[in-house]
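Asks: My questions all concern the structure below.
The values are calculated or read from the model by the stated rules, or taken from the named source; none is laboratory data. Computed from a prediction, not measured in an experiment: that's the story for all the values here. All Cβ positions, even for glycine, are placed from backbone atoms using ideal geometry, and neighbour counts span all protein chains on display.
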Amino acid sequence: MYVHPQEIDYNIDTLFELIDASGLEFVGFSNPRVWDLNRLIGKAPDLIDRAQNLNDRQRYRLIELLDPETVTHYEFFLARPPIDRADWSNDADLLKAIPDRSPCMDGWDSRCLFNYDYQIVKLSEAEWQFLKASDGNESRPVEEILSDVPLGLDGVRSLLAQQLILLTAR
């Protein structure tokens, strides 16, 4: 890798050329915080507004150019298409879904734990109760768990956004 005559330096454009040629679909980066443009220009609303018109690849390239010290290698997931993606914006679908606690956390069964990215997460009592009810769950839908836990759908979506739960459509 170091000073090897066959080493190739990739950038976002050449990386996605390889991904496109593979026939696989880009699912996402394993380190999504690095690829969040708000991290770099979040305090400049005019720049954020200008970046709204960029597609994902253009936004990734901009991040790569703005922060070359952080973007030194690529960690990403690919999948064979077609990929069924649920967005869980429909309340009825979310209520029917089967939640399971994500295995990608450290320090469980504590209200203060590390998430998949080793960031500290402090759970409210209701969030912790929902995670306990979801732990190893194979059949209880969100609606049934919420009848016992005072969390609400926004709280469930927050746990999902933090990747603390996984949902299976039912």
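Asks: Within the bounds of the stretch 112-119, is there any residue that is at pLDDT 95 or above, within 16 Å of the chain's Cα centre (by Cα), farther than 17 Å from K96 by Cβ and in a strand (DSSP E or B)?
Replies: Within the stretch 112-119, one or more residues are at pLDDT 95 or above, within 16 Å of the chain's Cα centre (by Cα), farther than 17 Å from K96 by Cβ and in a strand (DSSP E or B).
Asks: Here's something else I'd like to know. With the requirement that a residue be in a loop (DSSP other than H, G, I, E, B) and either without any contact (Cβ under 8 Å) to a residue 24 or more places away in the chain or loosely packed, with under 14 Cβ neighbours inside 10 Å (or both), what does the stretch 32-50 give you?
Replies: P32, R33, D36, G42, K43, A44
Asks: Take the stretch 75-99 and flag every residue that is assigned to a loop (DSSP other than H, G, I, E, B) and surrounded by 15 or more Cβ atoms within 10 Å (Cβ to Cβ).
Replies: W88, A97
Asks: Can I ask one more? So, N53, is that one assigned to a loop (DSSP other than H, G, I, E, B) and surrounded by 13 or more Cβ atoms within 10 Å (Cβ to Cβ) or not?
Replies: In short, no.
Asks: Go through the stretch 1-31 and report how many residues are touching a residue at least 24 places away in the same chain (Cβ under 8 Å) and either aromatic (F, W, Y) or surrounded by 12 or more Cβ atoms within 10 Å (Cβ to Cβ) (or both).
Replies: 15
Asks: Moving to a separate point now. Just the residues that are aromatic (F, W, Y) and assigned to a helix (DSSP H, G or I), please, taken from the stretch 11-31.
Replies: F16
Asks: For the list (1) under 18 Å from the mean Cα position of the chain (by Cα); (2) assigned by TED's automatic domain parsing to the domain that holds Q163, I need the number of the one condition that E75 fails.
Replies: So the condition that E75 fails would be (2).
Asks: Now for a separate question. Of everything in the stretch 100-137 that's among the hydroxyl-bearing types (S, T, Y) and surrounded by 15 or more Cβ atoms within 10 Å (Cβ to Cβ), which residue is farthest from V156 (Cα to Cα)?
Replies: Checking each candidate, the answer is Y116.
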